[in-house]
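To keep things clear, I will list the structure first and then write my remarks on it.
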Amino acid sequence: MWQRTEEEYYGVFRVVAVAQDVQGETRVRPVVEERDVSIPVLVDRASDLARTLGFRIVPSGFFVDAEGTVRYRHVEDFDIADPRVRWNLERFLAGEPTEQPDEEGRMDPAALERFAEGVEHYGAARTDEALAVWRSALELDPDNFVICSQIWAAEHPEHFWPGVDREWQEFQLLKEGYDKPLP
């Protein structure tokens, strides 16, 4: 849907996707090619963007103006088909103020620092060390789906590649006592 939206507004704004995957481009590229994604896709192995923008789950979305100022932040179930998101996009493009969704909490910066440390371990093929660090990060920020899903991806890659098994993820969240709306 976002690809079609960018085509609709081509030249007015750009959509950029960010794939958060500790394994990097080798895991992301086949998915991008298989789904014929035409928008730019950045790979954020250490969740640096999550740390900067403060989101816990994906998809999350942000409208950023030409000066780099975030004018709209939507960190839960960001979907262009949602009339609220579409309305805010129209306002953003018209230069009018947007209405922020009612969302709670930003990502814990200390948890994200720990997560980035785990990515370094994972990149050096020290999976057990990475998992231990990621678990300590998750203790700091227990509702952080980004960290949680990377732990699952390292432990259960069959549920993430070649495609993401959303049903399995939802079951895991329920099994672990997650008491918020499912991402």
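Only one residue in Glu96, Glu120, Glu90 is open to solvent by 60 Å² or more (accessible area, probe 1.4 Å), over 28 Å from Glu170 (Cβ atoms) and in contact (Cβ under 8 Å) with a residue 60 or more places away in the chain. Which one?
Glu120
Could we say that Phe63 is among the aromatic types (Phe, Trp, Tyr), assigned to a loop (DSSP other than H, G, I, E, B), in contact (Cβ under 8 Å) with a residue 12 or more places away in the chain and open to solvent by less than 40 Å² (accessible area, probe 1.4 Å) here?
So Phe63 fails the test.
Considering only residues that are in a loop (DSSP other than H, G, I, E, B) and either open to solvent by 50 Å² or more (accessible area, probe 1.4 Å) or modelled with pLDDT of 80 or more (or both), look in region 48-60 and name the one that is nearest to Ile147 (Cα to Cα).
Arg56
Report the residue count in region 17-30 for those that are over 19 Å from Ser60 (Cα atoms) and either of a type in the set (Phe, Trp, Tyr) or in a helix (DSSP H, G or I) (or both).
So the answer is 5.
For region 124-152, give me the residue count where each residue is touching a residue at least 12 places away in the same chain (Cβ under 8 Å) and out of contact with any helix residue (DSSP H, G or I) (no Cβ under 9 Å at 6 or more places or on another chain).
1
Taking region 81-98, which residues are under 21 Å from the mean Cα position of the chain (by Cα) and part of a loop (DSSP other than H, G, I, E, B)?
Across region 81-98, the qualifying residues are Ala81, Asp82.
Quick test for you: out of Phe78, Phe145, pick the one residue that is within 22 Å of Leu49 (Cβ to Cβ) and open to solvent by less than 20 Å² (accessible area, probe 1.4 Å).
So the residue among Phe78, Phe145 that is within 22 Å of Leu49 (Cβ to Cβ) and open to solvent by less than 20 Å² (accessible area, probe 1.4 Å) is Phe145.
Could you please let me know if Val32 is in contact (Cβ under 8 Å) with a residue 24 or more places away in the chain and open to solvent by less than 80 Å² (accessible area, probe 1.4 Å)?
Considered against the rule, which asks whether it is in contact (Cβ under 8 Å) with a residue 24 or more places away in the chain and open to solvent by less than 80 Å² (accessible area, probe 1.4 Å), Val32 comes out as no.
The values are calculated or read from the model by the stated rules, or taken from the named source; none is laboratory data. Treat the numbers as computed from the prediction; the structure is a model and nothing was measured. Note that each Cβ is placed from the backbone with ideal geometry, even for glycine, and that neighbours are counted across all protein chains shown. When the accessible area is computed, the model is the full protein with side chains, heavy atoms only, and any ligands, DNA or RNA have been set aside. Shrake-Rupley method; radii C 1.70, N 1.55, O 1.52, S 1.80 Å.
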